[in-house]
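**Q** Take a look at the following structure, please.
The values are calculated or read from the model by the stated rules, or taken from the named source; none is laboratory data. Here the structure is a predicted model, which means the values were calculated and not measured. Every residue, glycine among them, receives a Cβ derived from its backbone with ideal geometry; neighbour counts consider all protein chains shown.
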Amino acid sequence: MRKLIATITLALVLIPAAASRAGPDDERLESWPQFRGPTADGCAAEASPPTTWSERKNVRWKVEIPGRGLSTPIVWGDRIFVLSAIATGADPLSPSQPFEFVVVCLDRKTGKTIWRRVAVEVTPLEGIHKTASYATPTPVTDGKHVYASFGSRGIFCFDLDGNPKWKRDLGDKTIRRRFGEGTSIVLHGDALVQLWDHEGQSSIHCLDAATGESRWSVDRTEATTWNTPLIVEHEGVTQVIANGRRVRSYDLATGKVLWELGGEKRRNPIPAPVTRDGVVYLATGAKGAAVTAIPLSARGKLTARDALWQGGAAGPELASPLLYGDKLYLTKDRTSTLSVLDIATGKAHYEGARVPGVKSMYASLAGGGGKVFITGRSGTTVVVEHGTSFKILATNTLGEPIDSSPVLVGDELFLRGRRHLYCISEGAGAGKARPRVSGPY
């Protein structure tokens, strides 16, 4: 009898303990809820997607996405969310026609469309670069709602079943050289942050996630940037860090500038900041390469002397770096030339390694399962071993260009090409034609 009572007592103790281990944070880490993944640094350390694939190997499904978009898909549980802009005329880029700006929700297992919503139908303010799209920003989700920013076309909130909750218009942007908008919206708790840098009056906005109403907005002395801010808590203060000609950290609660860093080499940086253990790492490759480590405890106007370390050998122009463990992976300019730095010292484990098969890249780096994924515009992804030496594990090619960043969730890899979204999974499609899904468009 005593043994039975002890067993029941132990069970009652263990059940709450086990339940406490599961929660929103666990589900977030097992998903890809935003641009740059669960920890906003390109890493899903526990993911273990395939190393090799092709159009006929390890493709669980392949689904055509209507219209055109460079937005990276996000994943939560059994659902995938992706943005696109559908031309109402024959030309997918012409700004002289209305576009449907859509949010599409897909079933993760099958690729079938669960719902599709037209957020707005409107004629764009201006044209875009031939390699861009009108739906480039990546959405974000907290597992209850999905928040989609189409920039000048508005910000929209839906629940996970596709019911519209609110919409917000922050005005129009005029983008340098009409390259197109690309800044993703970010979420922390009940606050949304949207960077609004353009050729007019630039600004940064904090919105209430429940209503879309403004909490604060701050003017910025920046021209066009395509940077996505980083939100990070440190020593009781939540900081919003926006890359730019001057890097600025804002207090999420008030919008007050906590610190800022300028520099000769910083010209319209695009790569998103990444952070680990009280340090933020900033990279740029536009008009000169620079990589800088700044302590989050810094305050006021900073110079290079305030950096923990600074280097200039490697710097991406477009692709955001990958922070994987104690290593920072960066590509140079728009190429796949790879360097890996020690985050404590900034010293290179190796640098200037040329990745064969990937000539030009827009996609950011991703890592998980001991592997790093480097995706080029031609549709080729090279898989490199995570470590201190350069070792190629595989080279994989799909049949269309890819500019969106890889997404790693569990044992799956999601790649968005020019026309299709691919679900890559070990053992799928081996030796036979890959399944193909047509959505009810």
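**Q** Does at least one position in region 316-332 carry a residue that is at pLDDT below 95, surrounded by fewer than 22 Cβ atoms within 10 Å (Cβ to Cβ) and either in a strand (DSSP E or B) or over 22 Å from the mean Cα position of the chain (by Cα) (or both)?
**A** Looking through region 316-332, none of the residues is at pLDDT below 95, surrounded by fewer than 22 Cβ atoms within 10 Å (Cβ to Cβ) and either in a strand (DSSP E or B) or over 22 Å from the mean Cα position of the chain (by Cα) (or both).
**Q** Which ones in region 367-420 are farther than 28 Å from Ile343 by Cβ, of a type in the set (Lys, Arg) and surrounded by fewer than 17 Cβ atoms within 10 Å (Cβ to Cβ)?
**A** The answer is Arg419, and nothing else.
**Q** Considering each residue of region 388-407, count those that are in contact (Cβ under 8 Å) with a residue 24 or more places away in the chain, farther than 28 Å from Val63 by Cβ and not in a strand (DSSP E or B), and give that number.
**A** Total meeting the criteria: 3.
**Q** Same structure again: So for region 90-107 (the condition being over 26 Å from Phe156 (Cβ atoms) and out of contact with any Lys or Arg (no Cβ under 8 Å at 6 or more places or on another chain)), does at least one residue qualify?
**A** Checked against the condition, which is being over 26 Å from Phe156 (Cβ atoms) and out of contact with any Lys or Arg (no Cβ under 8 Å at 6 or more places or on another chain), region 90-107 yields at least one hit.
**Q** Being among the hydroxyl-bearing types (Ser, Thr, Tyr) and either surrounded by fewer than 18 Cβ atoms within 10 Å (Cβ to Cβ) or within 17 Å of Val291 (Cβ to Cβ) (or both) is the filter here; which residues of region 337-366 pass it?
**A** Thr337, Ser339, Thr345, Tyr350, Ser360, Ser364
**Q** Looking at region 304-325, is at least one residue aromatic (Phe, Trp, Tyr), more than 30 Å from Ser389 (Cβ to Cβ) and in contact (Cβ under 8 Å) with a residue 40 or more places away in the chain?
**A** Checking region 304-325: not a single residue is aromatic (Phe, Trp, Tyr), more than 30 Å from Ser389 (Cβ to Cβ) and in contact (Cβ under 8 Å) with a residue 40 or more places away in the chain.
**Q** Continuing with the same structure: With the condition kept exactly as written, say whether any residue in region 276-292 is β-branched (Val, Ile, Thr), modelled with pLDDT of 95 or more and surrounded by fewer than 22 Cβ atoms within 10 Å (Cβ to Cβ).
**A** yes
**Q** Taking region 199-258 as the region of interest, how many residues are of a type in the set (D, E, K, R), out of contact with any Lys or Arg (no Cβ under 8 Å at 6 or more places or on another chain) and either buried (at least 22 other Cβ atoms within 10 Å of the Cβ) or farther than 18 Å from Tyr147 by Cβ (or both)?
**A** Count: 5.
**Q** Could you count how many residues in region 215-257 are acidic (Asp, Glu), modelled with pLDDT of 95 or more and within 23 Å of the chain's Cα centre (by Cα)?
**A** Counting residues in region 215-257 that are acidic (Asp, Glu), modelled with pLDDT of 95 or more and within 23 Å of the chain's Cα centre (by Cα) gives 2.
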